[in-house]
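See below for the structure under consideration.
The values are calculated or read from the model by the stated rules, or taken from the named source; none is laboratory data. All of these numbers come straight from a predicted model, not from anything done at the bench. Using ideal geometry, Cβ is built from the backbone for each residue, glycine included, and neighbour counts are taken over all protein chains shown. Ligands, DNA and RNA are stripped out before the accessible areas are found, and what is left, the full protein with its side chains, is counted by its heavy atoms. Shrake-Rupley method; radii C 1.70, N 1.55, O 1.52, S 1.80 Å.
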Amino acid sequence: MQEANGAHTNFIWEIIRQDLDAGRCSQVHTRLPPEPNGWLHIGHAKNIYVNAGAALAFGGLLNLRFDDTNPTKEEQAFVDGIQNDIRWLGYEWNGGLFFGSSYFPQCYELAEKLILGGKAYVCDLPQEEMRQMRGTLTAPGQNSPYRDRSVEENLDLFRRMRAGEFANGARVLRAKIDMASPNINMRDPALYRILHLSHHQTGDAWCIYPMYDFAHPIQDAIEGITHSMCSLEYEDHRPLYNWVIEACEFPNHPRQIEYARLNLTRTIMSKRYLRKLVEEGYVAGWDDPRMPTLAGMRRRGYTPEAIRDFVERAGVAKADSVVELALLEHCVREHLGTVAARAMVVLRPLKVTLTNWPEGQTDTLTLENHPDHPEMGERQVAFGKQLYIEQEDFLIDPPKKFFRLFPGGEVRLKGAYIIRCDEVIQDADGNPVELKCTVDLSRKSGSEGAARKVKGTLHWVSAADAVPFEARLYEPLLNDEAAVEEDAEGAENTAIDKKDFIARLNPESLTTVQGFLEPSLAQA
RNA sequence: UGGGGUGUCGCCAAGCGGUAAGGCACGGGACUUUGACUCCCGCAUUCGUAGGUUCGAAUCCUGCCACCCCAGCCA
């Protein structure tokens, strides 16, 4: 990983460095707080990079903490999958593994402490009325009629909430802050809600669950987190985060720093829509290679190194942005170019018959697995009278700078011979279906004569030995440039209609062609 | 119309009063048994905008404009 003073740094690490220099903290301690309600995608890779990277850059600690305060949406299966993906990406939680739910007892104690201090109260307002009394963006809210209950009554009610005496939604514990605050998050936000639901970690031990705004700062403070990085939409929550830390009288004060989340062109990054793709069968699953999930990218052959490099190069800042897919692809190509063994594959085959090659003869050629890494070895590839080349590598009527094959033209077959196209056999529509070529037997690859220059080199596969396969051409799922904005994940949110979303799907994203693999790839 | 943010090359992004880094993309050239890779070269007299301060501003001040986020008992 990078040193903090290395080539890559960002505004967050600058802030941390200043905190270190000023003595506001001695060891950096960050946390990764995924909610176990889905699969990790490329956007999460940035969050991992920012939080884990900060710890790495300053020799600090990273905690992995599942933010599981809402049993409605969370599952054990996701906590396993998430750990797997984080490890695959190449990160370890050297500070330990935690669950937000294991702090439920402390959260509860702190809630009582707030009640005792007159800083929280139990509110009986139904959700709808509470919403109305909250005011609007421009109009201040109204105090709840339950706001001035006595400490004794609040304590009694809260304990009875915990004891399970009330139904879901009947009451809520609220922070007593300021209903007229211009920041809506400070208008007596809910701290605890009643949810008679069993939790994947705590079972039926609780029927009240703390809200994110209450639980998160507590978790950070208890774990001794020094810097808590999250995305921009939490900026408005920072005053509340700080309020909780102070109201609970923690001696340490973790610092929340926000940055812009990652958006990618032509890529859906909203769990809501990713789920729709899976559930409605547009893709085979969360790990479908077209999915922007880490699992999908893994199946697609993307490497962790390439993804980390990409996230780092995309940068960390506060301006909303949409990074071009081209950068990701560049990073993947760059890394794969250095580590991947070469092999030949023909996706859309065009038959080539070598008229002067002895009938029935098959030669075995030796090709290097990597042009720059001899230590990666060589492989044997069959060469015969009948070959397949890529359809797009041949043109009957080539433009001026066409370097590949055309009638009368010559081309080199990678690692083999130079051939000349003598005749084109076309179908009724004029499409080439087979080429009759002569091979220059005196100029086999590697021999003296091979030094002769020809304009192009093509990959190929022996027709008799190649392994047929059905190739799916995976393309980004979206047609247009923009990323689909993350929408509220509310259960009944129908803001973007389904037709609109489907219309944006890229029809090229799942084209099937009948291709041929080099035999060495058959088992892969 | 309230509050919180952000605006620097097609896309990201440095810059923090001293006269516009870098990457991707793109264009040109060299090299090449993958037109890949690699390698050179080019690519913002200008920093949302209008003023002001200053010897000097993307950086300070003022006004305006644009975009994003916030009214969950989601995170």
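Among all positions in the range A:378-391, there is at least one residue which is under 13 Å from A:H459 (Cα atoms), part of a helix (DSSP H, G or I) and not small (G, A, S). When the range A:51-61 is limited to residues that are surrounded by fewer than 24 Cβ atoms within 10 Å (Cβ to Cβ) and of a type outside the set (G, A, S), the one that is farthest from the chain's Cα centre (by Cα) turns out to be A:F58.
Looking only at the range A:394-410, filter to residues that are near RNA strand B (Cβ under 8 Å from one of its atoms) and in contact (Cβ under 8 Å) with a residue 12 or more places away in the chain; which one of those is surrounded by the fewest Cβ atoms within 10 Å (Cβ to Cβ)? So the residue we want is A:F403.
I'm told A:I194 meets every condition in (1) of a type in the set (V, I, T); (2) without any contact (Cβ under 8 Å) to a residue 60 or more places away in the chain; (3) away from RNA strand B (no atom under 14 Å from the Cβ) except one. Can you identify the failing condition by its number? Checking A:I194 against (1) of a type in the set (V, I, T); (2) without any contact (Cβ under 8 Å) to a residue 60 or more places away in the chain; (3) away from RNA strand B (no atom under 14 Å from the Cβ), the one that fails is (3).
If you check A:G315, A:G296, which single one turns out to be at positive phi and either surrounded by fewer than 17 Cβ atoms within 10 Å (Cβ to Cβ) or modelled with pLDDT of 95 or more (or both)?
Values: A:G296 fails: at positive phi.
Result of the check over A:G315, A:G296: A:G315.
Taking the stated definitions as given, is A:A306 buried (at least 17 other Cβ atoms within 10 Å of the Cβ), among the aliphatic types (A, V, I, L, M), in contact (Cβ under 8 Å) with a residue 24 or more places away in the chain and under 25 Å from A:P371 (Cβ atoms)? When the stated conditions are applied, A:A306 passes them.
Given the structure, is A:L64 within 15 Å of RNA strand B (Cβ to nearest atom), out of contact with any Cys (no Cβ under 7 Å at 6 or more places or on another chain), part of a loop (DSSP other than H, G, I, E, B) and of a type in the set (A, V, I, L, M, F, W, C)?
Details: within 15 Å of RNA strand B (Cβ to nearest atom): yes; out of contact with any Cys (no Cβ under 7 Å at 6 or more places or on another chain): yes; part of a loop (DSSP other than H, G, I, E, B): no; of a type in the set (A, V, I, L, M, F, W, C): yes.
Answer is no for this residue.
If the requirement is being in a strand (DSSP E or B), open to solvent by 60 Å² or more (accessible area, probe 1.4 Å) and more than 7 Å from RNA strand B (Cβ to nearest atom), which of these qualifies: A:T366, A:T338, A:T353?
Details: A:T338 fails: in a strand (DSSP E or B); A:T353 fails: open to solvent by 60 Å² or more (accessible area, probe 1.4 Å).
Just a single option satisfies the conditions, and that option is A:T366.
Checking each residue in the range A:148-175 for being open to solvent by 10 Å² or more (accessible area, probe 1.4 Å) and assigned to a strand (DSSP E or B) picks out only A:V172.
Return a yes/no flag: does the range A:198-216 have any residue that is within 12 Å of RNA strand B (Cβ to nearest atom) and farther than 30 Å from A:N143 by Cα. Yes, there is a match, as at least one residue in the range A:198-216 is within 12 Å of RNA strand B (Cβ to nearest atom) and farther than 30 Å from A:N143 by Cα.
Working carefully through the options A:W88, A:W39, find the one that is surrounded by fewer than 21 Cβ atoms within 10 Å (Cβ to Cβ), under 30 Å from A:E279 (Cα atoms), of a type outside the set (G, A, S) and touching a helix residue (DSSP H, G or I) at 6+ places or on another chain (Cβ under 9 Å). Give the steps one after another, and end with the answer.
Numbers: A:W39 fails: surrounded by fewer than 21 Cβ atoms within 10 Å (Cβ to Cβ).
Step by step, each of A:W88, A:W39 is checked, and only A:W88 is surrounded by fewer than 21 Cβ atoms within 10 Å (Cβ to Cβ), under 30 Å from A:E279 (Cα atoms), of a type outside the set (G, A, S) and touching a helix residue (DSSP H, G or I) at 6+ places or on another chain (Cβ under 9 Å).
Within the range A:128-155, the residues that satisfy the criterion of being away from RNA strand B (no atom under 14 Å from the Cβ) and of a type in the set (A, V, I, L, M, F, W, C) are A:V151, A:L155.
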